Amino acid sequence: MKRLRAFFYVQHLLGIGHLARSSRVAAALVDDGFDVTIVTGGAPVAGFPGLGAISVTLPSVTSGDEGFSGLVDLQGKPIDDDFKKRRSEMLLQAFRDCRPDIVIVEAFPFGRRQMRFELLPLIEAIDAASPRPLLVTSVRDILQDRVKPGRNEETVDLVNRHFDLVMVHGDPAFATLDKTFPLAGAIRAEVAYTGLVAAPPAPAASERFDVVVSVGGGAAGKSLVRSTIASARNADNAWKWCLITGPNLPKDEFDAITRDATPSLSIFRFREDFASLLTGARLSVSQAGYNTVCDVLRARCRSLLVPFAAGGETEQTVRALMLEELGLATVLRENDLTPECLAQAIEQALAGPTPAAHRLDLEGARHSAQILRERHRAWSSKS
């Protein structure tokens, strides 16, 4: 059997969720026998994108603020046209070097509109290639609401003109694309659901906490960090608390909060065994990012979700409320987050029933590899 070459582009701007999910899919492709080149362009994150794939790192850009209003380098300086040109040329060279059978673009054109300066030239190169590779967009199941007129139409136009497959990383029993993308019916490319891209089942916890609080990458969620520290300090019980701030929280801020911590609160920047910790926790408190929710669903532990909603973000709130409706989580709105409200919500969540059983498909990484192999076989037989 021919070893298929996959070229995978992923750009994370604020958190690490896009990178983590894409890395799991890339690892599944490697396990399935693909030769994978993964191109990343965000702030470096230890352990990602992982082993087994060729990794190409573009000059790093990140979001200027929580509202994704502009692109800056790692020193916070807005990027200029020369910077963009250099990145675009590097991306095109990586594509030429790979000579892929399949190109996977994470999020675009449903998201990452800021990266058009390099993705549109890449798509032009794909269309001009002979033989032309299969072009796939890789998107999560719940998308950010588009408030600007014409954006959804622009997305559909790009998909219909250039893309062969929309690979949705979700379980249609939970959310279909039309739930958060109103023009889904106008998409002519095939839409395939992979299931949720969760990590494999974790080993049993080596350390047990009553409450495990996590804030993803740590670039957002500082109010949850502050409220957790105050709640733990004021708690009149013997709970053991664990707070994972995320690797992107600035070091001076991390040092300051560790000085404020009470003995009952253990604070970490990152825990490689996060998924294991959830299996032994009485309650997970987190934002409602895709990957954290997958970890919670895999561990089947109680969950209190405080969805990230700054800058008009809607995706996490939609996910959290849908999970609450299924009896799989309770929700505390970010606008209602205070130390007192957090403590009360934690007590209510711990006193509530155990999470409802679920049958959501969590094997999205493995299914992604199977879908891509099958679609490429069908596509190449027609071309």
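Report whether or not Leu278 is touching a strand residue (DSSP E or B) at 6+ places or on another chain (Cβ under 9 Å), of a type in the set (A, V, I, L, M), part of a helix (DSSP H, G or I) and surrounded by fewer than 19 Cβ atoms within 10 Å (Cβ to Cβ).
no
So which residues in region 344-356 are out of contact with any Lys or Arg (no Cβ under 8 Å at 6 or more places or on another chain) and either open to solvent by 30 Å² or more (accessible area, probe 1.4 Å) or more than 25 Å from Lys222 (Cα to Cα) (or both)? Lay out the reasoning, then the answer.
First, pick out the residues of region 344-356 that are out of contact with any Lys or Arg (no Cβ under 8 Å at 6 or more places or on another chain): 344-348, 351, 353, 356.
Within region 344-356, Gln344, Glu347, Gln348, Ala351, Pro353, Ala356 meet the criteria.
Report those strands (runs of 3 or more DSSP E) wholly inside region 130-196 carrying at least 1 residues which are small (Gly, Ala, Ser) and either at pLDDT below 95 or open to solvent by less than 70 Å² (accessible area, probe 1.4 Å) (or both).
Values: elements: 134-140, 165-169, 190-193.
The qualifying strands (runs of 3 or more DSSP E) are 134-140, 190-193.
Just one of the numbered conditions (1) within 27 Å of Gly364 (Cβ to Cβ); (2) of a type outside the set (S, T, N, Q); (3) in contact (Cβ under 8 Å) with a residue 60 or more places away in the chain is not true of Ala309; which one?
Of the numbered conditions (1) within 27 Å of Gly364 (Cβ to Cβ); (2) of a type outside the set (S, T, N, Q); (3) in contact (Cβ under 8 Å) with a residue 60 or more places away in the chain, the odd one out for Ala309 is (3).
Please go through region 71-88 and give me each residue that is of a type in the set (Asp, Glu) and either within 23 Å of the chain's Cα centre (by Cα) or at positive phi (or both), ordered by number. Spell out how you get there, then give the answer.
Within region 71-88, the first condition is being of a type in the set (Asp, Glu), and the residues that meet it are 73, 80-82.
Listed by number, the list holds a single entry, Asp73.
Take region 112-129 and flag every residue that is under 22 Å from Ile79 (Cβ atoms) and open to solvent by less than 10 Å² (accessible area, probe 1.4 Å). Spell out how you get there, then give the answer.
Step one: filter region 112-129 for residues under 22 Å from Ile79 (Cβ atoms), giving 112-125.
Answer for region 112-129, where residues must be under 22 Å from Ile79 (Cβ atoms) and open to solvent by less than 10 Å² (accessible area, probe 1.4 Å): Met115, Glu118, Leu119, Leu122, Ile123.
Given (1) touching a strand residue (DSSP E or B) at 6+ places or on another chain (Cβ under 7 Å); (2) open to solvent by 20 Å² or more (accessible area, probe 1.4 Å); (3) not in a helix (DSSP H, G or I), where does Val36 come up short, assuming only one miss?
(2)
State which residue is least open to solvent (accessible area, probe 1.4 Å) when the search covers only region 296-314 and only residues that are assigned to a helix (DSSP H, G or I) and touching a strand residue (DSSP E or B) at 6+ places or on another chain (Cβ under 8 Å).
Within region 296-314, the first condition is being assigned to a helix (DSSP H, G or I), and the residues that meet it are 296-299, 310-312.
Cutting the leftovers down to touching a strand residue (DSSP E or B) at 6+ places or on another chain (Cβ under 8 Å) gives us 296, 299.
Details: Val296: 9, Ala299: 24 Å².
Once the filter is applied, the top-ranked residue is Val296.
Give Ala53, Ala27 a once-over and let me know the one that is modelled with pLDDT of 95 or more, open to solvent by 20 Å² or more (accessible area, probe 1.4 Å), among the small types (Gly, Ala, Ser) and in contact with an Asp or Glu (Cβ under 9 Å, 6 or more places away or on another chain).
Working: Ala27 fails: in contact with an Asp or Glu (Cβ under 9 Å, 6 or more places away or on another chain).
Going through Ala53, Ala27 in turn, just one is modelled with pLDDT of 95 or more, open to solvent by 20 Å² or more (accessible area, probe 1.4 Å), among the small types (Gly, Ala, Ser) and in contact with an Asp or Glu (Cβ under 9 Å, 6 or more places away or on another chain): Ala53.
When you look at Phe83, is it touching a residue at least 12 places away in the same chain (Cβ under 8 Å), open to solvent by less than 60 Å² (accessible area, probe 1.4 Å), closer than 30 Å to Arg269 by Cβ and of a type in the set (Phe, Trp, Tyr), yes or no? Give the steps one after another, and end with the answer.
Numbers: touching a residue at least 12 places away in the same chain (Cβ under 8 Å): yes; open to solvent by less than 60 Å² (accessible area, probe 1.4 Å): yes; closer than 30 Å to Arg269 by Cβ: yes; of a type in the set (Phe, Trp, Tyr): yes.
In short, yes.
Residue by residue through region 242-267, note down the ones that are under 19 Å from Glu207 (Cβ atoms) and not in a helix (DSSP H, G or I). Working first, answer last.
Let us first name the residues in region 242-267 that are under 19 Å from Glu207 (Cβ atoms), namely 242-246, 258, 261-267.
Those that are under 19 Å from Glu207 (Cβ atoms) and not in a helix (DSSP H, G or I): Cys242, Leu243, Ile244, Thr245, Gly246, Ala261, Thr262, Pro263, Ser264, Leu265, Ser266, Ile267.
In region 208-238, which residue that is more than 19 Å from the chain's Cα centre (by Cα), part of a loop (DSSP other than H, G, I, E, B) and at pLDDT 85 or above is nearest to Pro250 (Cα to Cα)?
Selected residue: Phe209.
Does region 103-112 contain at least one residue that is in contact (Cβ under 8 Å) with a residue 24 or more places away in the chain, within 19 Å of the chain's Cα centre (by Cα) and more than 30 Å from Ser381 (Cα to Cα)?
yes
The values are calculated or read from the model by the stated rules, or taken from the named source; none is laboratory data. As the structure is a computational prediction, the values presented were derived from the model and not from experiment. Heads up, the Cβs are rebuilt from the backbone with ideal geometry, glycines too, and the neighbour counts pull from every protein chain shown. Each accessible area value is taken on the protein alone, full model and side chains, heavy atoms only, with ligands, DNA and RNA left out. Shrake-Rupley method; radii C 1.70, N 1.55, O 1.52, S 1.80 Å.
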